[in-house]
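The structure under discussion appears below in the form of structure tokens.
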Amino acid sequence: MSDGNRRARVEDVHELASAMPHVTVDYGPGNNPVYQVGGKSFIFFRNPRPDAVDSETGERYRDVIVFWVASEADKQALVQDDSSPFFTTAHFKGHPSVLLRASRVAELTREELAELIQDAWLSRASARRAAAWLSSHSLT
């Protein structure tokens, strides 16, 4: 099994996000990492909030990761399937992002996670940086 086909881990989020060019890491309240490109967040580990709760216990999720997406269509493609690990809340209505619980990261392969992170980075990077990255990966 290649490394890309193995189940993703939370550590992979940090590794893959940090490996993208021009990335800085800031820390929000609660010391949660916020990955940025050009001062714009593209992934962040969210503090527990009242809009993301366990439907059975009512307890706030403590492991939500937010990923930017390029468009509402991309968001809907990820959240519309109930079996998908991605979700959204009313708080994020109209916001170009999807949520993923760290406890469900392993439902993705490392390759799928890498693509999600690359797309998040591309959605927030400057046009010049995005074009350079795409060109260097023969994706233009």
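Per-structure values
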quantity: Flag for A8 being in contact with a helix residue (DSSP H, G or I) (Cβ under 7 Å, 6 or more places away or on another chain), within 23 Å of A132 (Cβ to Cβ) and of a type in the set (G, A, S); calculated: no
quantity: Filtered residues of the range 112-126 (kept if part of a loop (DSSP other than H, G, I, E, B) and not aliphatic (A, V, I, L, M)); calculated: S126
quantity: Selection within the range 15-31 - over 23 Å from A131 (Cα atoms) and either surrounded by 13 or more Cβ atoms within 10 Å (Cβ to Cβ) or within 14 Å of the chain's Cα centre (by Cα) (or both); calculated: G28
quantity: Evaluation of H22 against (1) on the phi < 0 side of the Ramachandran plot; (2) in contact with a strand residue (DSSP E or B) (Cβ under 6 Å, 6 or more places away or on another chain) (one fails), failing number; calculated: (1)
quantity: Residues satisfying the stated conditions in the range 80-90, i.e. surrounded by 12 or more Cβ atoms within 10 Å (Cβ to Cβ) and either at pLDDT 95 or above or within 25 Å of P29 (Cβ to Cβ) (or both); calculated: P85, F86, F87, T88, T89
quantity: Checking D3 against (1) free of Cβ contacts under 8 Å to residues at least 40 places away in the same chain; (2) loosely packed, with under 15 Cβ neighbours inside 10 Å, the condition it does not meet; calculated: (1)
quantity: Filter pass, V34 being surrounded by 16 or more Cβ atoms within 10 Å (Cβ to Cβ) and free of Cβ contacts under 8 Å to residues at least 12 places away in the same chain; calculated: yes
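To keep it simple, each residue is scored yes or no on (1) buried (at least 17 other Cβ atoms within 10 Å of the Cβ); (2) without any contact (Cβ under 8 Å) to a residue 24 or more places away in the chain.
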residue	(1), (2)
E59	no, yes
D63	no, no
A77	no, yes
L99	yes, no
A102	no, no
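The values are calculated or read from the model by the stated rules, or taken from the named source; none is laboratory data. As the structure is a computational prediction, the values presented were derived from the model and not from experiment. Don't worry about glycine lacking a Cβ; one is built from the backbone with ideal geometry, like all the others, and counts go over all protein chains shown.
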